[in-house]
1. Wrap a convex hull around the Cα atoms of the stretch B:1-77, take a quarter of its surface area, and give that in square nanometres.
2. Is the protein assembly as shown best put as rounded, prolate or oblate by its Cα gyration tensor, with a ≥ b ≥ c the root eigenvalues, rounded for a/c under 1.5, and otherwise prolate when a/b is larger than b/c, oblate when not?
3. Give me the number: length gained by fully extending residue A:64 to residue A:254, i.e. 0.36 nm times residue separation minus the C-alpha to C-alpha distance, one decimal in nm.
4. Roughly what angle does helix A:187-204 make with the longest principal axis of chain A, taking Cα atoms, 0 to 90 degrees, to the nearest 10?
5. For the charge dipole of chain A, defined by +1 on Lys and Arg C-beta atoms and -1 on Asp and Glu C-beta atoms about the Cα centroid, which residue among A:120, A:184, A:59 has the Cα displaced farthest towards the positive pole?
6. Counting Lys +1, Arg +1, Asp -1, Glu -1, what net charge surrounds residue A:104 among other residues with beta carbon under 10 Å of its beta carbon?
7. Pull out a ≥ b ≥ c, the square roots of the eigenvalues of the alpha-carbon gyration tensor of the stretch A:125-352, then state rounded if a/c is under 1.5, prolate if not and a/b is larger than b/c, and oblate in the remaining case.
8. Past 27 Å, Cα to Cα: identify those pairs from A:236/B:25; A:88/A:124; A:185/A:236; A:124/A:270; B:93/B:115; B:115/B:160, in the order given.
Amino acid sequence: MIRNSTKILRKGLKISVLQLVLILTFNLSGFAASEEGGSKTDFILHHIQNSHEWHLATFGHTHISIPLPVIVYSQDRGMEFFMSSSFKNEHHEWSEHQGYVIDEHDHLKPVDESRSIVDLSITKNVASMLVSVILLFLVFISVSNRYKKNPLSPPKGLQSLLEPIILFVRDEIAIPNIGKDKYMKFMPFLLTVFFFIWFNNLLGLLPGAANLTGNIAVTLVLSLFTLFYTIRHSNKNYWVHIFNTPGVPWWLKLPVPLMPIVEFIGIFTKPLSLTIRLFANITAGHIIILSVISLIFIFNSLAIGPVSVLFGLFMNMVELLVAFIQAFVFTLLSAIYFGQAVEEHHHEEGHEDEVGKAAA
Amino acid sequence: MLNPESGLIIWQTIITILVLFVLGKFAWKPILGALKTREDSIAEALQAAEKAKEEMANLKAENEQIIREAREERDQIIQSASKAANEIKEKAKEEASEIGKKMIEDAKASIESEKNAALRDIKDQVAELSLQVTEKLLRKNLEGDKAQKQLLDSYIDELKLN
């Protein structure tokens, strides 16, 4: 098992070195081109943002990108389907198509400003998410088939890499924070969220990949799921703790319900903190790596190259670690919130303890 | 960058529900179930091993008990056997000595009776001889002195020869 992990770690190292080389070679001309027009900030922001096409590389004036479907819903025109390539003009710039235009921030807008639309396009992030979901399905359904076939045999191959992590989520995240009796109903959510974030964090580190977990819409939805699960499984005690917090002086509750207001806001700040933490950490990592590489072009000197490569390599290693840590933190905090939602009354617990002691 | 896109929110929600459903049904349920089964079987196996160990110890103690008992029994058997042998030997000796005594006594008795019979015989013969001698003497006495004396000597010679 250990040998397998080190093998995979070594593979990861090789991949990240390869990735850096790829980023440098593919984007050299891109940098050179962008120097004429926008600044490095635009370049970096372009890389970490969602897009209606999947841009892979630029060689001189040749752009290599995968066109993605653009889906628009509007009340007057219903569902409309286009390909993002139809929005490109001969200079490879976004232009108008069928009454819609994609602006310089990669937002789809109707030309007629009075119309309101919903952009349901399979953007770069959605496409990347679909890829990661297919990967998740392939990996975990094949692993689970092995478990189904021989539940008693020791883990093998991919199973031996994933089993310690699954056990880690169960034994170190779920059970200590939610409790032995109730953790089982949260396990599917915790495992899904953990592996979804982890896989996407890692995929985001690949060259040309989308910055999915560094997108605030994605992290917002994930944390809203945590909020939804918390409220759905919350018991009476949870709400008592919010509206009539025990152990707090009465004048904090009456006549001005200061404490209940603070606690009530807390319900929403918890998922919000999850949203921002994941988004900021992953986006920051991407910005740092891109900035380190941009240094070569800002200084316009080949001598910076080795420094940037070494520091970029170092940052990539750190990002591999961060990919795991952020998945872990998101899952851990979700588990803690679930634990608070299903926690039993403290007095009862004390009583049970006494009964237990008396029985012993 | 800080504005969540509505399209992505909708897609993310749909996909997350899909992933939760598919992985929950086809991956986590069997995996967690299998892990539980495996852990239970390991715990069971450990318990069984502990039990077997205990049984083994019990069996060993039992065996020792049996061996000890067998040894005791053996000792007892040997003891009683040697006792019986001794007794038999003693008895045999006693019987032998008794038989010997009886034999000796019988021999003695028979010797005595033989002796008595012999003595009686001798006495009879002596008496008869004496009678014969006396008779002859008496007869010769009647024939003369010389002859008497001759006769007497010859008888005496005869006696000597006897």
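1. 8.8
2. Working: a/c = 6.48, a/b = 3.85, b/c = 1.68.
Prolate is the answer for the protein assembly as shown, as a/c is 1.5 or above and a/b outweighs b/c.
3. 61.9 nm
4. 20
5. A:184
6. -4
7. Oblate is the answer for the stretch A:125-352, as a/c is 1.5 or above yet b/c matches or exceeds a/b.
8. In this structure, A:236/B:25; A:124/A:270; B:93/B:115 lie more than 27 Å apart at Cα.
Each value in this text was obtained by applying a stated rule to the coordinates, not by laboratory testing. Please read these numbers as outputs of a predicted model, since none were measured by experiment. Cβ: placed from backbone, ideal geometry, glycine included. Neighbour counts: every protein chain shown.
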